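The values are calculated or read from the model by the stated rules, or taken from the named source; none is laboratory data. This structure is a prediction, so every number in the text was calculated from the model and none was measured. Counting neighbours? That spans all protein chains shown, and the Cβs are built from the backbone with ideal geometry, glycine included. Surface accessibility is based on the protein's heavy atoms, side chains included, excluding ligands, DNA and RNA. Shrake-Rupley method; radii C 1.70, N 1.55, O 1.52, S 1.80 Å.
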Amino acid sequence: MQFESRFYTSREMYKEYVNKILCRKIIAEGVLLAALAAILCLMGILWDNKVFLALGVVFLFIAIVTTLLTPKLTLERLLEVDKSLHNGAHPECIVTFGQDVKLVEGKQEVSIEYHQIIGIYRMKTCSVLMFTKQNGIMYVETKFSIGNGENFEKFILDKCPQVAKIREV
């Protein structure tokens, strides 16, 4: 084991993970759909076309509701699953980096190999190693109990040749 990060997850960490990684594409598409719907509404008003206006209002409503509710519902579901996995307890997360990456949280354990990592994101509250588009392992660079954040960046990028850089989000 060359590096170890020990920390407790927080609602703020999960919220940032959901908004900046898991739902980022949905939020961007929702904003784009809302803009197109607003243009459709404007066309309906300018051309005095009630069908365009009605469609625009419906699409605008759907876009806004989807964009606002999806991250909130995703966060609540994530917190609910986390709570049920640990029987209501809030155990410490221990992420070790050696031959592979291993996360131990209470009685739950996940191991991945470095070649499975498809992206690394640094956020305000934590960083995330994504190994699928919807699954990642969080770690906190300021909470290394073995190694440190400065040496870790070079180590992880060397171990993950398919990841060019750590993305700030």
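Rundown of residues vs (1) open to solvent by 60 Å² or more (accessible area, probe 1.4 Å); (2) acidic (Asp, Glu); (3) within 18 Å of the chain's Cα centre (by Cα); (4) under 30 Å from GLY147 (Cβ atoms), yes/no style:
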site: GLN2; (1), (2), (3), (4): yes, no, no, yes
site: LYS20; (1), (2), (3), (4): yes, no, yes, yes
site: GLY30; (1), (2), (3), (4): no, no, yes, no
site: GLY56; (1), (2), (3), (4): no, no, no, no
site: LEU60; (1), (2), (3), (4): no, no, no, no
site: VAL65; (1), (2), (3), (4): no, no, no, no
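The set of residues from the stretch 82-138 being farther than 16 Å from TYR17 by Cα and among the basic types (Lys, Arg) comprises LYS83, LYS102, LYS107. Do we find that ASN49 is open to solvent by 60 Å² or more (accessible area, probe 1.4 Å) and more than 29 Å from GLN162 (Cβ to Cβ) in this structure? The answer is no for ASN49.
So that you can scan it fast, the table gives a plain yes or no per residue for (1) of a type in the set (S, T, N, Q); (2) touching a Ser or Thr at 6+ places or on another chain (Cβ under 7 Å); (3) in a strand (DSSP E or B):
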position	(1), (2), (3)
ARG6	no, yes, yes
TYR14	no, no, no
ILE26	no, yes, no
LEU32	no, no, no
ALA37	no, no, no
MET43	no, no, no
ASP48	no, no, no
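Mind checking which residues of the stretch 4-18 are open to solvent by 80 Å² or more (accessible area, probe 1.4 Å) and either over 27 Å from VAL104 (Cα atoms) or among the acidic types (Asp, Glu) (or both)? The one that is open to solvent by 80 Å² or more (accessible area, probe 1.4 Å) and either over 27 Å from VAL104 (Cα atoms) or among the acidic types (Asp, Glu) (or both): GLU12. Identification of strands (runs of 3 or more DSSP E) wholly contained in the stretch 69-169 with 2 or more residues that are of a type outside the set (Phe, Trp, Tyr), more than 16 Å from the chain's Cα centre (by Cα) and surrounded by 14 or more Cβ atoms within 10 Å (Cβ to Cβ) yields 93-97, 101-105.
When ALA89, ALA54, ALA63, ALA34 are checked against the criterion of being of a type in the set (A, V, I, L, M), modelled with pLDDT under 95 and touching a helix residue (DSSP H, G or I) at 6+ places or on another chain (Cβ under 9 Å), a single residue qualifies: ALA89. Could you go through the stretch 70-82 and let me know if any residue there is of a type outside the set (Val, Ile, Thr), within 18 Å of GLU168 (Cα to Cα) and modelled with pLDDT of 95 or more. The answer is no; no qualifying residue exists.
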